[in-house]
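Novice: Okay, here's the structure, questions in a sec.
The values are calculated or read from the model by the stated rules, or taken from the named source; none is laboratory data. Here the structure is a predicted model, which is why all the values come from computation and not from measurement. Cβ coordinates were reconstructed from backbone atoms using ideal geometry, including for glycine residues, and neighbour counts include every protein chain displayed. SASA here: full protein model, heavy atoms, side chains in, ligands and nucleic acids out. Shrake-Rupley method; radii C 1.70, N 1.55, O 1.52, S 1.80 Å.
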Amino acid sequence: MAAEKPQATTVILGKEKGKPVRFSHLHVFKPHLNSESGKEEYSVQVWIPKENTADYAAVTAAYEEQKAQYIKHEGKPGPEFHNPIKDGDKITDKKGNPKPVPGMWVVGAKTAAYEQDGTLVDPPQVVGTERDEKGALKLLSSSQVKSGDWGRASINFK
């Protein structure tokens with residue numbers, strides 16, 4: 001019998017009234033080149049205000065769940081399994097220079113733009129609060145949301 005594959009853990013951030021999250025380095029409408037990996041990807045930094053303890057607890061629990069699943073299926077995590085949650089007060093750039101995001105937890109989220117076979121991956125969906133005639137949330141365009149905006153985010157930890 002084959003071992004079951006780890007399941008993604010989904011977290012919705014900013015859903016509590018009056019406690020949105022902020023989007024930074026928003027690359028969700030078209031992929032960008034990751035200078036470290038050399039691969040094209042969709043990505044965003046989600047900033048969670050430190051007062052928003054519920055969202056921080058949810059994202060930390062999702063990370064710990066994925067880590068536990070990884071250990072169960074793959075063994076001890078190596079350096080490729082990194083924690084995407086950073087303390088914004090302590091962030092530094094690649095050279096070690098301080099580049100803080102005071103009062104925030106910073107969560108990096110990304111996904112490859114292409115499958116291993118070269119096919120393009122569907123971009124992340126960005127939706128607003130308005131609904132269409134079928135009741136589905138309407139998609140937003142790149143002219144309607146940008147880095148620095150506040151809102152909700154649904155992140156899958158895999």
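Novice: What percent does the relative contact order of the range 18-158 come to when contacts are Cα pairs within less than 8 Å and at least six residues apart?
Specialist: In percent, rounded to a whole number, it is 32.
Novice: Have a look at 139, 100, 128 and report the one farthest towards the positive end of the charge dipole of the chain, computed about the Cα centre with Cβ charges (Lys/Arg +1, Asp/Glu -1).
Specialist: The listed residue farthest towards the positive side: 100.
Novice: On the full set of protein chains, 1.4 Å probe, figure out the accessible area of residue 114 and give it in Å² to the nearest 10.
Specialist: In the full protein context, residue 114 sits at about 100 Å².
Novice: Next up: Which value in deg cm²/dmol, rounded to the nearest 500, describes the helix-derived mean residue ellipticity at 222 nm for the chain, given -39,500 (n - 2.57) per DSSP H run of n ≥ 4 and division by the residue count?
Specialist: -5000 deg cm²/dmol
Novice: Show me the ranking of peptides 24-36, 43-55 by mean Cβ neighbours inside 10 Å, starting with the highest.
Specialist: 43-55, 24-36
Novice: Looking only at Cα atoms, what is the convex hull volume of the range 72-158 per residue, in Å³?
Specialist: Residue-normalised Cα hull volume stands at 212 Å³.
Novice: If I compute solvent accessible area with a 1.4 Å probe over the protein chains, what percent of it on the chain is carbon and sulfur?
Specialist: 52
Novice: Extension gain residue 152-residue 64, at 0.36 nm per residue separation less the Cα-Cα distance, in nm?
Specialist: Details: separation 88, 0.36 × 88 = 31.68 nm, distance 2.15 nm.
Taking residue 152 through residue 64 to full extension adds about 29.5 nm, to one decimal.
Novice: Excluding ligands, DNA and RNA, what is the solvent-accessible area per residue of the range 55-105 at a probe of 1.4 Å, expressed in Å²?
Specialist: Result: 66 Å² of accessible area for each residue.
Novice: Here's something else I'd like to know. Run down the lysines and flag those whose C-alpha is under 24 Å from the C-alpha of residue 72, throwing out any fewer than 8 positions away in its chain.
Specialist: Output for residue 72: 5, 110, 158.
Novice: Dipole size in debye (nearest 20) for the range 16-123 around its Cα centre, Lys and Arg Cβ +1, Asp and Glu Cβ -1?
Specialist: Value, rounded to 20: 420 debye.
Novice: Relative contact order of the range 1-75: what whole-number percent is it, with Cα pairs under 8 angstrom and at least 6 residues apart? Let's see the in-between values first.
Specialist: Numbers: 67 pairs, mean separation 26.0, N = 75.
Contact order relative to length: 35 percent.
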